[in-house]
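Derivation of every value follows stated rules applied to the coordinates shown; laboratory data play no part. All figures in this text were calculated on a predicted structure; none of them were measured in a lab. Positions of Cβ are generated from backbone atoms using ideal geometry, with glycine treated the same way; all protein chains shown enter the neighbour counts.
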C-alpha cells in the first residue's frame, strides 16, 4: 500500500499538467481501467483538452491533497490556442498509476459573466494556508459541513445548514460574487451567509449526485462534486425580505461542478467553484462509469 505525502501528490499533479500541455499522455502511467472525464463526459485519455491545450498559466496554482486516498486537485488557468479557460481537476492515483482524472473547464463560451479570467490572478492566501491544529475538523465533520452548504443552497429558503465566517467569500469561475460590486447584481455586496439568508437561490431546484472524494484535513479543504438543476418553471420568486424578483434562469439546464470548501474552526471560511452548463438532468459518468481501455 502506497503511503502518500502532499509533496508526492503535488508532483503527480504537476507531471500530469506538464504532460497535458505537451499533449503527450505517454509521459504518464495510467491504470488500464483509468477513467477520464471532461465537463461530465467520459473520454479516452488523450482526447478533449489534450488536443487543444496550448499553455498552462503559472500564476494561479491552487492544489489540495488527500494523503489518505491518494488524490490531488488543482484549480488554475489553461489556454487553448491562446484562449484562456479556468480548469478544475481532481486526480486519483494507485501506486505508480493514475486511476481517475475528473476535469471541469469553463471556457469563454459559457453564458453570463463566466469565466472571469482578468481577476483570477493568484489563489487567496486563505486557500493556501494550513489550518491551525486547534481549528481543524475531522474528515467526517468536514464532509458534513460541505454537505450543509449544499443543503443550504438547494431550494434556498433562508435557513442555514452550515456555519460561515463573517468574511467568507465565494469565487465562481474566477469571479468573486460576495462582498464586492457587480454591475446589475447588487446582492454581490452581501456576504455568503447573508445572501443565503435572503433566499436568493430559491430558483435552484435540486443539488444532486453530491460527492466528496477529496478531503485535505491539513488545509481544511473539501473538494466536492455534483450538479445544480434548474427546471426554469418558476420565474416569479419572493425573497425572505418579502421583495419580488425574477429568476435569472428561463430554460431547463444543469450546472456540473467541482467546488472547494475551506473550513476553519467548524465554519466555512471560503468557497471556490468551477462549473459549466450541461443538459438538464445529465447523468454523471462517475456513478457507475465503465473504464475505457487505454490504447497501447
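Some notes on this structure:
- For the chain, dividing the convex hull volume of the Cα atoms by the residue count gives 126 Å³ per residue.
- The stretch 149-168 and the stretch 1-26 have Cα centres separated by 35 Å.
- FRET E, pair residue 96, residue 283, Förster distance 35 Å, beta-carbon r, rounded to 0.05: 0.65
- The chain: angle of helix 6-21 to the longest principal axis, Cα-based, in degrees nearest 10: 80
- Normalised by the number of residues in the stretch 140-242, the average gap of Cα pairs under 8 Å and 6 or more apart makes the relative contact order 28 percent.
- Each peptide in 168-181, 239-252 receives the mean, over its residues, of other Cβ atoms within 10 Å, and ordering these scores from highest gives 168-181, 239-252.
- Where labels lie 7 Å past Cα in the beta-carbon direction, separation of residue 160 and residue 125 in nm: 2.5
- In the frame of its principal axes, the stretch 184-296 has Cα extents of 60, 38, 21 Å, reported largest first.
- The chain: angle of helix 139-153 to the longest principal axis, Cα-based, in degrees nearest 10: 50
- Computed log₁₀ I(q)/I(0) - Debye formula, equal Cα scatterers, no solvent, the stretch 1-105, q 0.21 Å⁻¹: -1.14
- Here the gap between residue 139 and residue 44, fully extended at 0.36 nm per residue and compared with their Cα-Cα distance, gives a gain of 31.0 nm.
- The residue 24 and residue 187 beta-carbon pair, evaluated with R₀ = 45 Å, returns a calculated FRET efficiency of approximately 0.50.
- Here r is the Cβ-Cβ distance between residue 52 and residue 241 and R0 is 41 Å; the resulting FRET efficiency, rounded to 0.05, is 0.35.
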